[in-house]
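Colleague: First the structure, then my questions, so here it is.
Values quoted throughout were computed directly from the atomic coordinates according to the rules given, and no laboratory measurement underlies them. No experiment lies behind these values; they were computed from the predicted model shown. With ideal geometry, Cβ positions are generated from the backbone for all residues, glycine too; neighbour counts draw on all protein chains shown.
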Amino acid sequence: MSQKTIFLIGFMGVGKTTLGKKLAKALGVDFIDTDDELEKQLGCSISTYFSKYGEEDFRIKEREWIANYVSKPQVVATGGGMPCFFDNMEQLNQKGITIYLERPAKELFQRLINAKQQRPLVKVLEADELLQFIQTKLDERAPFYKQAKYVLGREDQTIDKILLTLDA
Ligand code: S3P
């Protein structure tokens with residue numbers, strides 16, 4: 001495989017971590033998740049960090065993480081907001097191969113409704129508010145996500161298809 005990092009990007013709940021672990025295994029490389037890395041560094045959960053210091057501060061930590069990141073052959077699942085602040089998307093594109101896992105808001109909603117508890121931006125939202133939030137945020141974030149080298153729809157979000165895409 002390429003010596004470069006593969007960054008999986010996309011909205012919360014799209015499946016970056018699940019797919020990323022499988023992809024790393026198929027490629028025989030390590031897998032990391034920026035949320036886990038930041039939690040180790042910050043010494044608390046992202047949820048706790050948000051409530052203590054606020055989102056802005058968290059975005060600065062994410063920014064520092066990507067600025068200091070040295071590319072190596074591994075798969076990295078990025079936090080859903082990381083590509084959408086500062087020049088992070090540019091950094092990700094410089095340091096590796098970016099893959100955007102694209103899904104419509106309604107599908108993200110189905111996936112997130114049962115997995116919102118550990119996610120500070122959505123954990124307090126009721127179902128109807130959650131759908132609205134996803135629609136608004138996705139519109140805001142799509143222009144960043146779409147700067148990825150590869151934009152994959154649902155049909156292409158399989159290990160086989162990704163391996164073919166990377167070889168191409
Ligand atoms: C966020 C997504 C989360 C995490 C934080 C903020 C976002 O990561 O970084 O809760 O702004 O979309 P996941 O995409 O892994 O849930």
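Colleague: Limited to the stretch 35-60, what total is found for residues that are near the ligand (Cβ under 10 Å from one of its atoms) and either of a type outside the set (S, T, N, Q) or crowded, with 19+ Cβ neighbours inside 10 Å (or both)?
Modeller: 10
Colleague: Name the residues in the stretch 10-21 that are more than 9 Å from the ligand (Cβ to nearest atom) and either β-branched (V, I, T) or part of a loop (DSSP other than H, G, I, E, B) (or both), would you?
Modeller: Step one: list which residues in the stretch 10-21 are more than 9 Å from the ligand (Cβ to nearest atom), which gives 15, 18-21.
Those that are more than 9 Å from the ligand (Cβ to nearest atom) and either β-branched (V, I, T) or part of a loop (DSSP other than H, G, I, E, B) (or both): G15, T18.
Colleague: Hey, does the stretch 23-38 have a residue that's under 21 Å from L130 (Cβ atoms) and in contact (Cβ under 8 Å) with a residue 60 or more places away in the chain? Walk me through how you get there before you give the answer.
Modeller: Looking only at the stretch 23-38, we keep the residues that are under 21 Å from L130 (Cβ atoms), and these are 35.
Among the residues that remain, those that are also in contact (Cβ under 8 Å) with a residue 60 or more places away in the chain are: none.
No; the residues of the stretch 23-38 include none that is under 21 Å from L130 (Cβ atoms) and in contact (Cβ under 8 Å) with a residue 60 or more places away in the chain.
Colleague: Hey, another quick one. Of the numbered conditions (1) away from the ligand (no atom under 12 Å from the Cβ); (2) over 16 Å from the mean Cα position of the chain (by Cα), A24 fails exactly one; give the number of that condition.
Modeller: (2)
Colleague: Would you point out the residue of the stretch 100-119, among those that are more than 13 Å from the ligand (Cβ to nearest atom) and among the aliphatic types (A, V, I, L, M), that is nearest to E155 (Cα to Cα)?
Modeller: Checked the stretch 100-119; the qualifying residue nearest to E155 (Cα to Cα) is A105.
Colleague: Identify all residues within the stretch 61-78 that are away from the ligand (no atom under 12 Å from the Cβ) and over 14 Å from the mean Cα position of the chain (by Cα); write none if there are none.
Modeller: Within the stretch 61-78, E64, A67, N68, Y69, V70, S71, K72, P73, Q74 meet the criteria.
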